[in-house]
Amino acid sequence: MPGTSETPLSSTVYTSKIIKAGALLADTKTMLAQWDESLSVSENLNRFRRENIFGKASRSRIEDILAIFRQRYLKSESVTRSLTALVQGGFPSEALDRILYFFAAQADLLLHDVVTEVLAHFHAIGKVDVTAGDIRAALTRWMGEGKVARQWSENTLVRSTRELLSTLRDFGILQGSVHKRLAPVYLPVEAFAYMAFYLRQHQPSGKRLLDDPEWQLFFLSHQAVEQFFFEAHQHHLLEYQAAGSIIRITFPSNSLEEYAYALTQRTH
């Protein structure tokens with residue numbers, strides 16, 4: 001996870017894989033809708049290749065998409081099974097989109113940091129308009145700080161900037177076809193609760209979960225996160241108890257997959 005002790009930000013190198021990525025929301029949902037849990041990851045991917053379920057004309061494009069899916073959603077069996085449960089259980093699309101964005105950002109540090117370090121700062125100071133120049137300036141600065149394996153060409157810089165903007169638009173973080181602006185990020189409480197469960201597995205402290213930097217992916221302040229926990233508690237999605245600096249957060253399920261299944265039952 002970005003920012004955890006396993007992958008400290010200072011030692012991680014940015015890549016330009018966003019050029020071949022994008023949001024891919026429709027394709028991701030197609031994959032998860034047709035996922036067969038009786039098969040391994042490799043067996044499922046081989047089946048998708050044979051059947052060309054994404055309807056792509058180019059075999060190389062299919063390989064690019066499957067590689068992206070593997071990075072974002074297929075590295076953890078619990079994540080894969082929980083996402084499959086959400087999609088096949090009819091979880092609301094808008095809530096699902098927020099979760100897929102969350103995991104895409106976990107898998108691509110460049111995408112993650114453009115949001116948490118650049119756009120979150122814009123949000124904090126009330127800057128709404130986001131230009132290609134803003135993103136390019138950040139990428140150029142990070143290159144100068146040695147955060148890429150080697151210096152990017154002008155073409156790579158331009159394409160990475162363009163794809164970051166379009167990907168974040170498709171994920172609903174930005175809006176506008178030509179002139180991009182920060183979008184009002186709507187986060188359904190069920191999506192918040194799912195992500196809180198996921199983060200709780202990596203961060204057992206209730207207080208630290210409340211202040212987890214990953215909430216910056218949605219520009220949430222400490223007060224906003226606290227309000228979400230209160231709301232999730234009121235909806236019986238979790239139990240949130242705060243007494244001074246002691247914060248206790250518990251969930252009604254033992255695994256992410258069980259919790260995903262329970263969430264789908266509540267949304268019907």
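The values are calculated or read from the model by the stated rules, or taken from the named source; none is laboratory data. Just so you know, these numbers come straight off a predicted model, no measurement behind them. No Cβ is skipped: glycine too gets one built from the backbone with ideal geometry, and neighbour counts run over all protein chains shown.
Restricting attention to region 91-134, and to residues there that are closer than 20 Å to residue 74 by Cβ and acidic (Asp, Glu), which single residue is surrounded by the fewest Cβ atoms within 10 Å (Cβ to Cβ)?
97
Looking at region 1-26, I want the residues that are over 16 Å from residue 151 (Cα atoms) and outside the structural domain of residue 145 (by TED's automatic domain parsing) and have a partner that is aromatic (Phe, Trp, Tyr) and modelled with pLDDT of 65 or more with Cβ atoms under 8 Å, at least 6 apart or on another chain. Which pairs are those?
Cβ pairs passing all conditions: 23/101; 23/171; 24/69; 25/171.
Tell me, please, whether a residue that is closer than 20 Å to residue 217 by Cβ, out of contact with any Phe, Trp or Tyr (no Cβ under 8 Å at 6 or more places or on another chain), of a type in the set (A, V, I, L, M) and surrounded by 20 or more Cβ atoms within 10 Å (Cβ to Cβ) can be found in region 65-87.
Looking for residues that are closer than 20 Å to residue 217 by Cβ, out of contact with any Phe, Trp or Tyr (no Cβ under 8 Å at 6 or more places or on another chain), of a type in the set (A, V, I, L, M) and surrounded by 20 or more Cβ atoms within 10 Å (Cβ to Cβ), one finds at least one in region 65-87, hence yes.
Does residue 139 fit the bill of being of a type outside the set (Asp, Glu), within 26 Å of residue 256 (Cβ to Cβ) and touching a residue at least 12 places away in the same chain (Cβ under 8 Å)?
Spelling it out, it is not the case that residue 139 is of a type outside the set (Asp, Glu), within 26 Å of residue 256 (Cβ to Cβ) and touching a residue at least 12 places away in the same chain (Cβ under 8 Å).
Kindly indicate whether any position in region 33-43 is farther than 23 Å from residue 142 by Cα, in contact with a Leu (Cβ under 9 Å, 6 or more places away or on another chain) and either outside the structural domain of residue 170 (by TED's automatic domain parsing) or surrounded by fewer than 17 Cβ atoms within 10 Å (Cβ to Cβ) (or both).
Yes.
For region 195-206, check the following and say yes or no: at least one residue is touching a strand residue (DSSP E or B) at 6+ places or on another chain (Cβ under 8 Å), surrounded by 17 or more Cβ atoms within 10 Å (Cβ to Cβ) and basic (Lys, Arg).
Yes, some residue in region 195-206 is touching a strand residue (DSSP E or B) at 6+ places or on another chain (Cβ under 8 Å), surrounded by 17 or more Cβ atoms within 10 Å (Cβ to Cβ) and basic (Lys, Arg).
When you look at residue 265, is it at pLDDT below 95 and on the phi < 0 side of the Ramachandran plot, yes or no?
yes
Going through region 44-64 one residue at a time, which ones are assigned to a helix (DSSP H, G or I) and either surrounded by 15 or more Cβ atoms within 10 Å (Cβ to Cβ) or of a type in the set (D, E, K, R) (or both)?
Listed by number, the residues that qualify are 44, 45, 47, 48, 49, 50, 51, 59, 61, 62, 63, 64.
Looking at 171, 229, 218, 251, can you tell me which residue is within 25 Å of residue 118 (Cβ to Cβ), among the aromatic types (Phe, Trp, Tyr) and outside the structural domain of residue 141 (by TED's automatic domain parsing)?
Going through 171, 229, 218, 251 in turn, just one is within 25 Å of residue 118 (Cβ to Cβ), among the aromatic types (Phe, Trp, Tyr) and outside the structural domain of residue 141 (by TED's automatic domain parsing): 218.
Any idea how many residues of region 213-268 are loosely packed, with under 12 Cβ neighbours inside 10 Å, outside any helix (DSSP H, G or I) and within 23 Å of the chain's Cα centre (by Cα)?
The number of residues fulfilling the criteria is 2.
Show the residue pairs meeting these rules: Cβ distance below 7 Å; 6+ apart or different chains; first residue within region 172-196 and at positive phi; second residue assigned to a loop (DSSP other than H, G, I, E, B).
Partner pairs satisfying both residue conditions: 172/183; 172/185.
Determine if region 99-110 includes at least one residue that is in a helix (DSSP H, G or I) and in contact with a strand residue (DSSP E or B) (Cβ under 8 Å, 6 or more places away or on another chain).
Looking through region 99-110, at least one residue is in a helix (DSSP H, G or I) and in contact with a strand residue (DSSP E or B) (Cβ under 8 Å, 6 or more places away or on another chain).
May I ask you to list the residues in region 81-94 that are of a type in the set (S, T, N, Q) and closer than 13 Å to residue 33 by Cβ?
Within region 81-94, 84, 88, 93 meet the criteria.
Please indicate, with yes or no, whether at least one residue in region 126-133 is in a helix (DSSP H, G or I) and either assigned by TED's automatic domain parsing to the domain that holds residue 222 or touching a helix residue (DSSP H, G or I) at 6+ places or on another chain (Cβ under 9 Å) (or both). Before the answer, list the steps.
So in region 126-133, the residues in a helix (DSSP H, G or I) come out as 132-133.
Subsequent filtering for residues that are either assigned by TED's automatic domain parsing to the domain that holds residue 222 or touching a helix residue (DSSP H, G or I) at 6+ places or on another chain (Cβ under 9 Å) (or both) retains 132-133.
Yes, region 126-133 contains a residue that is in a helix (DSSP H, G or I) and either assigned by TED's automatic domain parsing to the domain that holds residue 222 or touching a helix residue (DSSP H, G or I) at 6+ places or on another chain (Cβ under 9 Å) (or both).
Which condition breaks for residue 190 when tested against (1) in contact with a Gly (Cβ under 8 Å, 6 or more places away or on another chain); (2) at pLDDT 95 or above?
So residue 190 meets the others, but not (1).
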